[in-house]
Amino acid sequence: MEDIRIHNLSKEYFTTAGSVFAVRDLSLSVARGSVFGFLGPNGAGKTTTMKMLVGLERATSGEISINGGNPSSIAVRRNIGFMPEAPAFYLYLTGREFLQFICDIFDVVSPSTQIESVLKEVDLLGRENRQIRTYSKGMLQRLGLAQALLNDPQILFLDEPLDGLDPLGRAEIKSIFLGLKKRGKTIFLNSHILADVAEMCDMVGIIDQGKLIVCDTPKEITGNHRDLEDAFVHIIKEKRAAADQETTI
């Protein structure tokens, strides 16, 4: 069963200099209970795609199905969690106050119990009563993940969730992701840390200049290359060289 299905998805921006496609004719699907890694260079269209998937951006054309519904639906949004690349917080709230605010938005049943649960899961217990302005980058990442988990979503969209974490923190967060997968959750994530992607993800899609280049298992994409990062660099360079050659013909 597919939790995420995208068909011919495009996002076009119009400027005084003309139109620009951030995403063009993107099609892919993500199976329920799997971890999908969405990779690409900066500016490739990853974040734009994720914003369309969670309903923060409207697609120019194409179809999106999230758990059988449209991301504009309130019912669908109640069943997803989203962690943006740079989460914004009310810095003078404490971590607990911020999570209570998110619980109020989602009308979470037994909010105190759920807050305690996610604080423990992301290892912020004991620091939840500090003002957010005192948090380190790693603690902010953990708080961003905590708010994405509060409504116990079926599908998680995570934009650079490992950014700012030290190796121990990354290992702990990866363990959380694998635990969520065992509980049948679906995770769609962006990351530049390709070793972690290779370790966690069942499937990987690589996008460049708004177009999907390849979508396969980490093992198949890596092939004879040293690792997934080496394969990623080779695929991007090969694709751009081919595009440049077409342009000059």
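Below, the figures for the structure above:
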{"read-out": "Selection from segment 39-55 of residues that are aliphatic (A, V, I, L, M), part of a loop (DSSP other than H, G, I, E, B) and over 15 Å from GLU12 (Cα atoms)", "value": "VAL54"}
{"read-out": "The lone exception for MET83 - which of (1) over 20 Å from the mean Cα position of the chain (by Cα); (2) closer than 21 Å to ASN190 by Cα it fails", "value": "(1)"}
{"read-out": "Strands (runs of 3 or more DSSP E) contained in segment 60-165 and holding at least 3 residues crowded, with 18+ Cβ neighbours inside 10 Å and either of a type outside the set (Val, Ile, Thr) or at pLDDT below 95 (or both)", "value": "80-83, 155-159"}
{"read-out": "Candidate set from segment 206-249 (those that are touching a Lys or Arg at 6+ places or on another chain (Cβ under 9 Å) and part of a loop (DSSP other than H, G, I, E, B)); member that is farthest from VAL30 (Cα to Cα)", "value": "GLN209"}
{"read-out": "Residues (surrounded by fewer than 17 Cβ atoms within 10 Å (Cβ to Cβ) and either small (Gly, Ala, Ser) or at pLDDT 90 or above (or both)) located in segment 166-175", "value": "ALA171, SER175"}
{"read-out": "The one condition in (1) among the small types (Gly, Ala, Ser); (2) under 19 Å from ILE235 (Cβ atoms); (3) at pLDDT below 95 that GLY179 fails to fulfil", "value": "(2)"}
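The values are calculated or read from the model by the stated rules, or taken from the named source; none is laboratory data. Here the structure is a predicted model, which is why all the values come from computation and not from measurement. Because the Cβ atoms are built from the backbone with ideal geometry, glycine has one as well, and the counts that use them run over all protein chains shown.
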